[in-house]
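Q: Below: one structure in structure tokens.
The values are calculated or read from the model by the stated rules, or taken from the named source; none is laboratory data. As the structure is a computational prediction, the values presented were derived from the model and not from experiment. Backbone-built Cβ (ideal geometry, glycine too); neighbour counts: all protein chains shown.
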Amino acid sequence: MWTERRARRSSSMAGGGGGRARGAEGKRAAPQGQRAPAATAGYFTAELAVLFLCLTALLVFLPLVLPPLPPPPSLLLLVPVGLMAVLVALAFVPSDSRSIASSCH
């Protein structure tokens, strides 16, 4: 599937004509009658800001309202220590970048 898409894309580019006209920056030109999306539109909308504020309020006020929980079993406390040990071990394992790059193709 990936190679079919790649072959179609390269054949349309090789012909020179099959694609839409591109602007000076290499971006596709918007079709007639449609506007390109505004570049100033951010990732965070007003709805997301309200959601984040509600989550923050829940995290601040729920511990004050709910009764305290008993401590977890001591074995469960080893889970974050084990995760950190695995991450540290992976940080120092050498990787062969050539084999990683060749597996992506």
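Q: Out of all the residues in segment 21-33, is one or more assigned to a helix (DSSP H, G or I) and either modelled with pLDDT of 90 or more or out of contact with any helix residue (DSSP H, G or I) (no Cβ under 6 Å at 6 or more places or on another chain) (or both)?
A: No; the residues of segment 21-33 include none that is assigned to a helix (DSSP H, G or I) and either modelled with pLDDT of 90 or more or out of contact with any helix residue (DSSP H, G or I) (no Cβ under 6 Å at 6 or more places or on another chain) (or both).
Q: Continuing with the same structure: Among the listed residues SER99, SER11, SER95, identify the single one that is outside any helix (DSSP H, G or I) and either exposed (fewer than 10 other Cβ atoms within 10 Å of the Cβ) or at pLDDT below 80 (or both).
A: Every option except SER95 fails the conditions.
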